[in-house]
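Visitor: This is the structure, below, for whatever I ask next.
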Amino acid sequence: MIDILKKLNEDKDRCVLIGRNALNMSFSSKSEVVNPFYTTDYDIVCPDLKTAAECAEILRQSGFVNDGATFTESKNGELDVLLADTEYPQGVIAEYYNVPSLRPLWDSRVRKNDILVSDNDTLIMNKLLYARENDGKDLKTIAVYFTLEPDRLEPFIEKIRKHEEPDERETMLYSLYAGMAGKEDVRKKLEKIILSDIENSNG
């Protein structure tokens, strides 16, 4: 699938890899770390319908077959194509599902080992904001990520603290608190920040 992801963005930026695979350690400088996020279910986000159609054509030429926006190939697994087009409301555009809230993932795109992904902090913040009902896999992924990258946790918490939208800041703090089960020192720090925010909002 890595070769397919490279091919999708070979001549232009068409899509970013999101989901657990986007935090794949082989895409970072610590390529010796065993990747704990591997799954055969991949998700990509395109900025508009035209670009998604280009991705679909490349996938079909590469042997994928699709049912709507889900593309499968026996050796590579499954890949879902989403849109993040802010010109349209959330919902179905042609065969693709549009999720405008994912736009920051496209806007923060970076190349890592020739794979186009969202910036890690932006991706994690998005996961915290829109934690899905998927048996807690997203929050578990975030917990594992910060276990492997402990030096990034404090700066990330500070980034949340400086987030300008109070409702989003609160959501991210509570989600991160839930994801840090078993890490009592981190949870105590988050509790203090949450309580401080409550006091300031009531002040």
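The values are calculated or read from the model by the stated rules, or taken from the named source; none is laboratory data. Here the structure is a predicted model, which is why all the values come from computation and not from measurement. For neighbour counting, all protein chains shown are included, and Cβ atoms are generated from backbone atoms with ideal geometry for every residue, glycine included. Areas reflect the complete protein model, heavy atoms only, side chains present, ligands, DNA and RNA absent. Shrake-Rupley method; radii C 1.70, N 1.55, O 1.52, S 1.80 Å.
Visitor: Looking at the square roots a ≥ b ≥ c of the eigenvalues of the Cα gyration tensor of the stretch 99-203, which shape do they give, rounded for a/c under 1.5, prolate if a/b is larger than b/c, or oblate?
Guide: Here the stretch 99-203 falls in the prolate category.
Visitor: Further question on the same structure: If I compute solvent accessible area with a 1.4 Å probe over the protein chains, what percent of it on the chain is carbon and sulfur?
Guide: Taking all protein chains in place, the chain shows 47 percent carbon and sulfur surface.
Visitor: In addition: With charges set only on the Cβ (+1 for Lys and Arg, -1 for Asp and Glu), what does the dipole of the stretch 146-203 come to about its Cα centre, in debye to the nearest 20?
Guide: 200
Visitor: For the stretch 91-203, build the charge dipole from Cβ charges (+1 Lys, Arg; -1 Asp, Glu) around the Cα centre, then report which of TYR96, ASN126, PHE146 sits farthest towards its positive end.
Guide: Result: PHE146, furthest along the dipole toward the positive end.
Visitor: First select every other residue whose beta carbon is under 9 angstrom from the beta carbon of ASP80; then total the charges, Lys and Arg +1, Asp and Glu -1.
Guide: -3
Visitor: Filter the cross-link list LYS137/LYS162; LYS7/LYS137; LYS137/LYS189; LYS7/LYS50; LYS137/LYS183; LYS140/LYS192 down to pairs whose alpha-carbon distance in this structure exceeds 20 Å.
Guide: Exceeds cut-off: LYS137/LYS162; LYS7/LYS137; LYS137/LYS189; LYS140/LYS192.
Visitor: Here's another thing I want to ask about it. Only four residue types carry charge here, +1 at the Cβ of Lys and Arg and -1 at the Cβ of Asp and Glu. Report the dipole size of the chain about the Cα centre in Debye, rounded to the nearest 20.
Guide: Here the size comes out at about 520 debye.
Visitor: In Å², what does the accessible area per residue of the chain work out to with a 1.4 Å probe?
Guide: Here the per-residue accessible area is 53 Å².
Visitor: Please figure out what share of the DSSP beta bridges in the chain is antiparallel and state it in percent, rounded to the nearest 5.
Guide: 65
Visitor: Additional query: Which shape class, rounded, prolate or oblate, goes with the stretch 24-179 when its Cα gyration tensor gives a ≥ b ≥ c as root eigenvalues, a/c under 1.5 marks rounded, and past that a/b bigger than b/c marks prolate?
Guide: Oblate shape, in that a/c is at least 1.5 and b/c is the bigger or equal ratio.
Visitor: Tell me which of THR39, ALA53, ASN202 sits at the most positive position along the dipole axis of the chain, charges placed on C-beta atoms (Lys, Arg +1; Asp, Glu -1).
Guide: Sorting the options by dipole projection puts first THR39.
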